[in-house]
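Worksheet for the structure shown next.
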């Protein structure tokens, strides 16, 4: 162990770690879950600290005042920030998720690691308590946990959405549209209320799933718009005490430069127009997560539908063949289950549950000038985007991409269905059609067989009307050449 000091006195810290006294106090105070703050948040804090140091240097603040840094020290500070952002020191962030509600412990953890690493890069001794590059005075200059921690949450979630969730949705949507096109001519029976309905094609059914996903990209885009306003610059309560008036705006602009965070995506971050709301409330996270929850709701629906369509193989629908990936039972030999549908549905269930946690934190966590449930909001937001992206990607690659139509099973249901009688409505009326359907059910005969036996319509017209291909889209002048009941 080594001795470190903070404003409360002496602290023993593990000898070789990069963090210091305040981190160690948090480790001792919050031995709660063993779950550390997500690395995505730590990386985002590294980026935010780097942007803050760059702006403070450009404003002449780090090179002047009571304890100015020289050019070598400033470059070391920049490097240390980016090393944290790149994940080089992920093992140096031991603070539990369930900690002080502002995230101060994690903010100081990052400040201490960056300061000590910068000292080391300059050839100094990072183990002494007198810090030439100070975690508060330099790394945290012009900042408060109250504005920097929520800024990092927005940045972390935006990066995850841009790099993982949105691309996963795009890939899955393309796969489903491709499958829809492949199955465009495969006739099958539709279902409503889980009961037989009128014919459609498997391609039409899959196109519905694809369009659902396409619409979900709009939800993701809207979620990003709520994350773009950053609290940076508000410091303690929103007044901006101890920071430069241009600090927040310039940090947001720097984080918006395309190459900084992500070469593929441009995050158009802006300083919030109202720092008092931005410090006090996390409404943007509540709204963004509710939109991500909407994605989870849709994905659960699609996965469940595909699971049903693939049910069987002998006693279910089995209209599509889901790729066989692993044995499905420890007791039933040869059984194979729709495991990726189930994995995605479980991830969606977790996200839907997470939305309640986020809503509770938003509703009850913000008193006066600070929300005090930010660490759990950060962890929950990041978890939701991460598991949804991962589950969707695997589902798309290993399940959707390998789906095959079972054409024989699809055709089999067409003639058996009682609901094809719907096509007769314009010719013989609803009441007569309903009577035919009931008789077909009771006798086990098909609609076509009964119509032929009872000479309901001439054979040629009957074949034309009961042609399933004519039932899958609107037809102009459906009742032309109507023949009265025979």
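Just so you know, all these numbers are worked out from the coordinates, no wet-lab data involved. Quantities reported herein were computed from a predicted structural model and do not represent experimental measurements. A quick note on method: Cβ atoms are made from the backbone with ideal geometry, for glycine too, and the neighbour counts reach across all protein chains shown.
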* Rounded, prolate or oblate: which fits segment 269-322 when a ≥ b ≥ c are the square roots of the eigenvalues of the alpha-carbon gyration tensor, with rounded for a/c under 1.5 and prolate only if a/b beats b/c? -> prolate
* How big is D, in µm² s⁻¹, for the chain by Stokes-Einstein at 20 °C and 1.002 mPa s if Rh is the Kirkwood radius over C-alpha pairs? -> 82
* To do: Take residue 28, project a point 7 Å from its Cα along the Cβ direction, then tell me which residues of segment 60-103 have their backbone nitrogen under 20 Å from it.
  => 92-101
* With label points built 7 Å along Cα→Cβ from the Cα atoms of residue 222 and residue 246, find their separation and express it in nm. => 3.8
* Asked: Once both labels are modelled 7 Å past Cα along the beta-carbon direction, what's the residue 39-residue 326 spacing in nm?
  -> 2.3
* Given a cut-off of under 8 Å on Cα pairs at least six residues apart, what relative contact order in percent is computed for segment 1-118? -> 36
* To do: Using packing as a proxy for protection, rank 334-346, 147-159, 384-396 so that the peptide with the highest average count of other Cβ atoms within 10 Å comes first.
  => 147-159, 384-396, 334-346
* In range of the label at residue 463: residues from segment 195-227 whose backbone nitrogen is under 16 Å from the point 7 Å along Cα→Cβ -> none
* **Inter-label distance, nm, simple model (7 Å from Cα along the C-beta direction), residue 367/residue 445** => 7.7
* Ordered by packing density, taken as the mean number of other Cβ atoms within 10 Å over each peptide's residues, highest first, how do 398-409, 319-330 rank? -> 398-409, 319-330
* **Expected 222 nm ellipticity per residue - DSSP helices of 4 or more, -39500 (n - 2.57), all of the chain, to 500** => -17500 deg cm²/dmol
* **Distance between segment 166-223 and segment 360-384 - C-alpha centres, whole angstrom** => 35
* Within 10 Å, count the other beta carbons around each residue, average over each peptide in 77-87, 371-381, and list them highest first. => 371-381, 77-87
* Structure fact -> With a ≥ b ≥ c from the Cα gyration tensor eigenvalues, square-rooted, and the rule rounded for a/c under 1.5, otherwise prolate when a/b > b/c and oblate otherwise, segment 147-407 is prolate
* Asked: Per q in 0.09, 0.12 1/Å, what log10 I(q)/I(0) does a Debye calculation on the alpha-carbon atoms of segment 2-141 return?
  -> -0.24, -0.43
* So if R0 is 35 Å, what FRET efficiency would residue 262 and residue 297 give, r being the distance between their Cβ atoms, rounded to the nearest 0.05? -> 0.80
* Gyration tensor (alpha-carbon) shape descriptor, segment 417-471, a/c threshold 1.5 -> rounded
* To do: Provide the FRET efficiency to the nearest 0.05 for the residue 476-residue 411 pair, computing r from the beta carbons and using R0 = 25 Å.
  => 0.40
* Relative contact order computed over the chain (Cα-Cα under 8 Å; 6+ residues apart), in percent -> 15
* To do: Would you mind checking the radius of gyration and Dmax of segment 304-393 based on alpha-carbon positions, in Å?
  => 19.1, 62
* Could you pull out which residues in segment 154-192 have an amide N less than 18 Å from a spot 7 Å beyond the Cα of residue 308, following the Cα-Cβ vector? => 188-192
